[in-house]
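Okay, so here's the structure we're looking at.
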2 protein chains.
Amino acid sequence: MTPPAPVSIHPVPGLPEVRPGDDRGALLAGALAGLPLPLRDGDVVVVAQKVVSKAEGSRVALSAVEPSPAARQWGEAWDKDPRQVEVVLRESRRIVRMERGVIIAETRHGFVCANAGVDLSNSGGEELAILLPEDPDRSAAALRARLGRGSGEGGRDAEIAVIVADTFGRPWRVGLTQVALGVAGLEPLLDLRDSPDVDGRTLHATLIAVADELASAADLVCGKTSRVPAAVVRGYPYRPAGGSGRALIRAAEMDLFR
Amino acid sequence: MTPPAPVSIHPVPGLPEVRPGDDRGALLAGALAGLPLPLRDGDVVVVAQKVVSKAEGSRVALSAVEPSPAARQWGEAWDKDPRQVEVVLRESRRIVRMERGVIIAETRHGFVCANAGVDLSNSGGEELAILLPEDPDRSAAALRARLGRGSGEGGRDAEIAVIVADTFGRPWRVGLTQVALGVAGLEPLLDLRDSPDVDGRTLHATLIAVADELASAADLVCGKTSRVPAAVVRGYPYRPAGGSGRALIRAAEMDLFR
């Protein structure tokens, strides 16, 4: 059996810091400038959620937020900005845990994560809450269409996939890992359940979250403090598909932990 | 700021299928044969738990297991081999959930995972339960010492790190991702909590589980069905340290989900 070829992960430098008021076009222009061109068919471009949200205007100025009494109380008890708490509650479809200063929430999309994915940012003295993209799959699809256009060998279109990713915590283990929120162009799950393993024994329940593993791999070159909010994963033989990050969300009724 | 350099992930082919009776020496000889030699200082060798366990003899012949009444009952109710269920219960320090045919257990080491990490394997007609390594950090340290010896440029020793990894599920999301059980030679967590972000705002609670991200990246070249149970991640600027997979286990009292 031929072993898989090496996979490489290329940082996308030069992506300018996205400011409120920038549009998605500016993001795309910046990303295009930093891509390791020409792109190859099969490249996976992983883009950090935060720059996508900023470019799409998924943000709220904290100065415009009036916290509810509940948000105010929680903020005072746990030394959090009550306006941020208010935004977190608004972005939540359901609170999974709200204990010891930690809010684990299910977002409108169905993601379960700390603070409903709401980050704080400070731009030109304005305090902003950065929300998750409204529809991460749509964001990924738009980026896929644009980034692939004319960026292949000899100026032809490149058949690429795009993942919009964010770093999430998880129960039982310390630290964040990057996961896929939006997916376009690849099958996010690799189903090995029906493949015999090397002993000839049928594997069961072996469903690999490859989109999350790709997102984590990309994070290795995307330091949080450097201006590298995107990466290209090259050489991974994914299965082409429409793809959706929703396939990675465990249905509530199948989840023993909410 | 100079962007990080590319990271590459190299499959380690030629690692022979480890059989019961093989010793760790055979595993090492096989791994050495498949490594992309010479190794470079800073390489991270990620080895699948299953081959480490087989080589170390962390296994139980199912034919020798007498299931308890509880294991028998659970096995009958959910169509599981009661002998496997018995081994899972013996390997568990605590059962976190036991519902709908799924056993989520805390292992003796403190890992929380399905079936206490117990896999089934069939070798030469003998049905085996493969357990997690007794001490994954010790396994990683032993592999690190041996694999680095003489495998650098010009036959000198290479300063490498080793991760012993397994694919675990997680709440809220579908599919498995590979995580680090044992770590030797690198700091498994990257603490960005005190670094200012690009806006100059201090990040808080940004602790990245880089050892898990390295393990997930390695899984991209380690198909479950191919004989590629190890990979070398090259070019990731980890922080050298003794390292331990225990640092990635969330303390029970800090965990809202057990």
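The values are calculated or read from the model by the stated rules, or taken from the named source; none is laboratory data. Fair warning: this is a prediction, and the values are worked out from it, not measured in the lab. Here the Cβ positions follow ideal geometry from the backbone for every residue, glycine too, while neighbour counts run over all protein chains shown.
Figures for the structure shown
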| read-out | value |
| --- | --- |
| Criterion (at pLDDT 75 or above and within 17 Å of the chain's Cα centre (by Cα)) met by exactly one of A:Arg59, A:Arg24, A:Arg40, A:Arg90 | A:Arg59 |
| Total residues in segment A:128-179, condition surrounded by 18 or more Cβ atoms within 10 Å (Cβ to Cβ) and without any contact (Cβ under 8 Å) to a residue 12 or more places away in the chain | 6 |
| Of all residues in segment B:197-214 being more than 7 Å from chain A (Cβ to nearest Cβ) and outside any helix (DSSP H, G or I), the one that is modelled with the highest pLDDT | B:Ala205 |
| Every residue from segment A:215-258 that is within 13 Å of the chain's Cα centre (by Cα) and more than 7 Å from every other protein chain (Cβ to nearest Cβ) | A:Ala215, A:Ala218, A:Cys222, A:Pro229, A:Ala230, A:Ala231, A:Ser244, A:Gly245, A:Arg246 |
| Residue within segment B:143-166 that is modelled with pLDDT under 95, closer than 24 Å to B:Asp119 by Cα and within 20 Å of the chain's Cα centre (by Cα) present | yes |
| Segment A:128-149: number of residues that are in contact with a Ser or Thr (Cβ under 7 Å, 6 or more places away or on another chain) and more than 14 Å from chain B (Cβ to nearest Cβ) | 5 |
| Evaluation of A:Lys50 against (1) modelled with pLDDT of 95 or more; (2) out of contact with any helix residue (DSSP H, G or I) (no Cβ under 7 Å at 6 or more places or on another chain); (3) not acidic (Asp, Glu) (one fails), failing number | (1) |
| Segment A:106-127 - residue that is without any contact (Cβ under 8 Å) to a residue 24 or more places away in the chain and within 11 Å of chain B (Cβ to nearest Cβ) and, of those, surrounded by the fewest Cβ atoms within 10 Å (Cβ to Cβ) | A:Gly125 |
| Restricting segment B:225-258 to residues that are hydroxyl-bearing (Ser, Thr, Tyr) and modelled with pLDDT of 95 or more, the residue that is farthest from B:Gly110 (Cα to Cα) | B:Tyr236 |
| Strands (runs of 3 or more DSSP E) contained entirely in segment A:78-193, each with at least 1 residues that are at positive phi and of a type outside the set (Lys, Arg) | A:173-184 |
